[in-house]
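Undergrad: Let me give you the structure first, and then I'll get to my questions.
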Amino acid sequence: MARSPDHPIRVSIGDFELTSLSDGIYHLDGGSYFGVVPKTLWSRKLPANEKNLVPSGLNSVLVRTGDKNILIETGIGNKLSEKMAQIYGQPAGLLDSLDAAGLAPEDIDIVIDSHLHFDHCGWNTVRRNGAIAATFPKAKYYTQEGEWKHAHENQRDGVSYFTENYDPLVESGQMQLLRGNAEIAPGISVEVYPGHTRDLQAIMVRSGGQTACYISDLIPTSNHLDLNWVMAYDLYPVESIESRKRFYSRAIPERWLVMFTHDHQIPWGYLEKDERGKVVLSSDFKEV
Ligand SMILES: [Zn+2]
């Protein structure tokens, strides 16, 4: 994949080691991706093909804390129907990416889903001998209870939820449903940032006075940093903007490493404000 050579795929946050993993690239409609932003503006940053599709990464992050291996997000997975696979593609690269980082599914202790849209939790489960099984057999899985309830409401984004990605895990007790901000392990916590969905949770990684944040679909790529460049998929776009303000008010002064869920070139980076006050990616990626 065409990842920027300026952005290493392994970084340290204090005592923790973070590795950027990928389930591959899929394609989304450019108009949906950039909401009310005119194509003349967004296509300069991310050119569309003849079908108006743009490439979108499926980025997971492996956090090694020393005594735990934590997987943030699980991509699209390998269970899409033929029709869905035709629309989006099904690159199914996450387990290879994990293998390249030196780990097997059995080595994962904790899996955290920011929310339950199909392109964020697909590898939670696999189909094995006709039944659904946990891909990461020893892991405890986490998401927000409100998100899980919403996944069953069949609202505007109902087509993006597949129960087989989470219900079997909730039924078996392997997935824990959280009510709001929570610490999951020392240095690993979640914070709710509403907008894309009501209960989307960002994943915070803190060690040695440094912070990294997987902000997920609230700011899906480095091309979506402008406060108002909100995806058409967002259920509460005005709240997305408020959540982004709250996020930037901490991420910029505290110099958080921001992890992008769908950027196919830049998995993470630091943010700053330019001379006009617009939020931009820092040109220098300083490994911390
Ligand atoms: Zn989503």
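Undergrad: Across the chain, how large is the tail of the calculated P(r) beyond 30 Å, expressed as a percent of all Cα pairs?
TA: That tail contains 23 percent of the Cα-Cα pairs.
Undergrad: Now a separate question. Over all Cα pairs of the stretch 119-211, how is the pair count split among 5 Å bins, expressed in % and running from 0 up to the last occupied bin?
TA: 3, 12, 21, 22, 20, 12, 6, 2, 1, 0
Undergrad: Are there any trypsin sites (Lys or Arg not before Pro) in the stretch 178-233 that are in a DSSP loop and have at most 11 other Cβ atoms within 10 Å? List them by number.
TA: 179
Undergrad: Any idea how far apart residue 227 and residue 179 come out in nm if each label point goes 7 Å out from Cα toward Cβ?
TA: Result: 3.4 nm between the two label points.
Undergrad: When only alpha-carbon atoms are used, what values of Rg and Dmax, in angstrom, describe the stretch 245-288?
TA: For the stretch 245-288, the Cα radius of gyration and maximum Cα-Cα distance read 10.5, 27 Å.
Undergrad: Still on this structure: What do you get for trypsin sites (Lys or Arg not before Pro) in the stretch 69-174 restricted to DSSP loop and a cutoff of at most 15 other Cβ within 10 Å of the site's Cβ?
TA: Answer in residue order: 138, 156.
Undergrad: Still on this structure: If you stretched the chain out fully between residue 133 and residue 273, how much longer would it get, using 0.36 nm times the residue separation minus the C-alpha to C-alpha distance?
TA: Extra length from residue 133 to residue 273 when fully extended: 45.9 nm.
Undergrad: Using modelled backbone amide H atoms (1.01 Å from N, in-plane), which distant-in-sequence or interchain residues come within less than 5 Å of residue 211's amide H?
TA: Long-range HN contacts for residue 211: 257.
Undergrad: Multiply the residue separation of residue 235 and residue 67 by 0.36 nm, subtract the distance between their alpha-carbon atoms, and state the gained length in nm to one decimal.
TA: 56.7 nm
Undergrad: If you don't mind, there's one more thing I want to ask. Provide, for the chain, the number of lysine pairs with alpha carbons under 30 Å apart, each pair being eight or more places apart or on different chains.
TA: Close lysine pairs found across the chain: 29.
Undergrad: Per DSSP helix of 4 or more residues, -39500 (n - 2.57); summed, then divided by the residues of the chain. What does that give at 222 nm, rounded to the nearest 500?
TA: -5000 deg cm²/dmol
Undergrad: Between residue 49 and residue 99, what's the calculated FRET efficiency when r is the beta-carbon distance and R0 is 25 Å? Round to 0.05.
TA: Here the calculated transfer efficiency is 0.25.
Undergrad: Explain nothing, just compute: Karplus ³J(HN,Hα) = 6.51 cos²θ - 1.76 cosθ + 1.60, θ = phi - 60°, for every residue of the stretch 176-185 in order, whole Hz, x for Gly and Pro.
TA: 9, 9, 9, 10, x, 4, 7, 8, 9, 8
Undergrad: Mind checking the full-extension length gain between residue 29 and residue 250? Use 0.36 nm per residue of separation minus the Cα-Cα distance, one decimal, nm.
TA: Stretched out fully, the residue 29 to residue 250 stretch lengthens by 76.4 nm.
Undergrad: Plugging the Kirkwood radius over Cα pairs into Stokes-Einstein for the stretch 1-66, at a temperature of 10 °C and a viscosity of 1.306 mPa s, what D comes out in µm²/s?
TA: Reported coefficient: 113 µm²/s.
Undergrad: Can you list which of the GluC sites (Glu not before Pro) found in the stretch 45-91 are DSSP loop residues with at most 10 other C-beta atoms within 10 Å?
TA: Taking the stretch 45-91 and a limit of 10 other Cβ atoms within 10 Å, the loop GluC sites (Glu not before Pro) found are 50.
Undergrad: Compute the orientation-averaged projected area for the stretch 169-288 from the convex hull of its Cα atoms and round it to one decimal in nm².
TA: Its Cα hull, projected and averaged over all orientations, spans 8.6 nm².
Undergrad: Would you mind calculating the relative contact order of the stretch 161-241 from Cα pairs under 8 angstrom and at least 6 residues apart, reporting the percent as a whole number?
TA: With pairs under 8 Å counted, the relative contact order is 22 percent.
Read-outs throughout are calculated quantities, based only on the coordinates presented, and are distinct from any laboratory measurement. These numbers come from a predicted model, not from an experiment. Positions of Cβ are generated from backbone atoms using ideal geometry, with glycine treated the same way; all protein chains shown enter the neighbour counts.
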